[in-house]
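Scroll down for the structure; my scribbles are underneath it.
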Amino acid sequence: MNNKPLAFIDLDDTIFQTNRRIKPDGSFRVGSLDSKGNPLSFMTKKQQSFVDWLFTHADVVPVTARPIDGLSRVQLEFKHGAICSFGGTILDASGKVDAQWHEIQQERLETLKPLIQSMPDLLIENAKNLGDVRSWTVEENGLHLYSYVKQNNPKIGQMFLDQIVVNIPQNIKDNFYMHLNGNNLAV
């Protein structure tokens, strides 16, 4: 019997961040890799201490916007499952997709599929007068889960993704959550 508490933890900008947000030095630990295998995110000494303590004293489950392939590039070993893609995918302790949750998601997303598939075009259209963006839909295990929009060449003080939210049609607002974090807007 395991007497450790179960800890759910966010990853990006919580226990590590990209070098766009911090300038890593020799004391930093790599938190994640990019799709080419290069270091992308880093942990400060304080973050490293917290992560080491947490993994020693708790069973840790990441809760992340990252899809499964993004989670696979995190340089930590999660042995108790994971919640990926804003909750669209749940992995069990062996790393397999939870079939029951997948079926629930599949049923609920079926009616929203046309809206999700058209979302990147809608987001780009809403940004037309604001600036240059890119947008795509995250698809995992055959499900269209959510869409992202990011500013191209974002500059501090010139972020405008919050203005896109204002112009999103009400039927989208009624059916989707919007998550804005810096240069990421997920719908």
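The DSSP beta bridges internal to the stretch 8-87 are antiparallel in roughly 65% of cases. Apolar share of the accessible surface for the chain: 51 percent from carbon plus sulfur atoms, 1.4 Å probe.
Charges on Cβ only, +1 for Lys and Arg, -1 for Asp and Glu, centred on the Cα centroid of the stretch 81-187; of Q105, L185, S118, which one is farthest towards the dipole's positive end? My answer, from the dipole projection, is L185. Compute the projected area of the convex hull of the Cα atoms of the stretch 91-187, averaged over all viewing directions, and report it in nm² to one decimal place. Averaging across all directions leaves 7.2 nm² for the Cα convex hull.
Stretched out straight at 0.36 nm per residue, the stretch from E103 to T56 would grow longer than its current Cα-Cα span by 13.5 nm. Placing +1 on the Cβ of every Lys and Arg and -1 on the Cβ of every Asp and Glu, with nothing else charged, gives the chain a dipole about its Cα centre of roughly 700 debye.
If you model the stretch 114-171 as an ellipsoid using its alpha carbon gyration tensor, with each semi-axis the square root of five times an eigenvalue, the axes come out at 22, 14, 9 Å, biggest first. Calculated mean residue ellipticity, 222 nm, the chain: -8500 deg cm²/dmol, from DSSP H runs (n ≥ 4) at -39500 (n - 2.57) each, averaged per residue and rounded to 500. Close amide-amide hydrogen proximity is noted between F8 and V61, each under 5 Å apart and 5 or more residues distant or on a separate chain (H modeled in the peptide plane; Pro and chain starts excluded). Just list whichever of K45/K96; K4/K45; K150/K173; K46/K79; K23/K150 have alpha carbons separated by over 26 Å in the model shown. Over 26 Å Cα-Cα: K45/K96.
When each of the peptides 127-137, 141-151 is scored by how many other beta carbons lie within 10 Å of its residues on average, the order from highest to lowest is 141-151, 127-137. A dipole drawn for the stretch 1-68 from +1 and -1 charges on Cβ atoms has a positive end, and of L6, F42, P24 the residue lying farthest that way is P24. The residues of the stretch 41-179 expose, per residue, 57 Å² of accessible area to a 1.4 Å probe.
In a simple Cβ point-charge model (Lys, Arg +1; Asp, Glu -1; nothing else charged), the stretch 83-187 has a dipole of about 400 debye relative to its Cα centre. If R0 is 22 Å, the Cβ-Cβ spacing of S94 and K36 corresponds to a FRET efficiency of close to 0.20.
Stretched out straight at 0.36 nm per residue, the stretch from Q158 to I68 would grow longer than its current Cα-Cα span by 29.3 nm. Between amide H atoms placed 1.01 Å from N, distances below 5 Å from E140 occur with L145, all of them 5 or more places distant or on a separate chain.
Sorted into 5 angstrom bins from 0, the C-alpha pair distances of the stretch 34-111 split as 3, 14, 21, 21, 20, 11, 6, 4, 1, 0 percent.
Of the listed values (1) 30, 24, 13; (2) 32, 19, 15; (3) 23, 17, 17, grab the one calculated as semi-axes √(5λ) of the Cα gyration tensor in Å from the structure here. Evaluating semi-axes √(5λ) of the Cα gyration tensor in Å on these atoms matches (1). Return the whole-Å distance between the Cα centroid of the stretch 27-71 and the Cα centroid of the stretch 94-120. A separation of 26 Å, based on Cα centres. Couplings for the stretch 54-71, taken from phi via the Karplus curve 6.51 cos²θ - 1.76 cosθ + 1.60 with θ = phi - 60°, read 4, 5, 7, 10, 8, 8, 9, 10, x, 10, 9, 6, 4, x, 4, 5, x, 5 Hz in order; Gly and Pro are left as x.
The share of C-alpha pairs in the stretch 140-184 whose separation exceeds 15 Å stands at 52 percent.
The values are calculated or read from the model by the stated rules, or taken from the named source; none is laboratory data. Note that the structure is predicted; figures quoted are calculated from it, not measured. Neighbour counts run over all protein chains shown; Cβ positions are idealised from the backbone, glycine included. We work out accessible area using only protein heavy atoms, side chains counted, and drop any ligands, DNA or RNA first. Shrake-Rupley method; radii C 1.70, N 1.55, O 1.52, S 1.80 Å.
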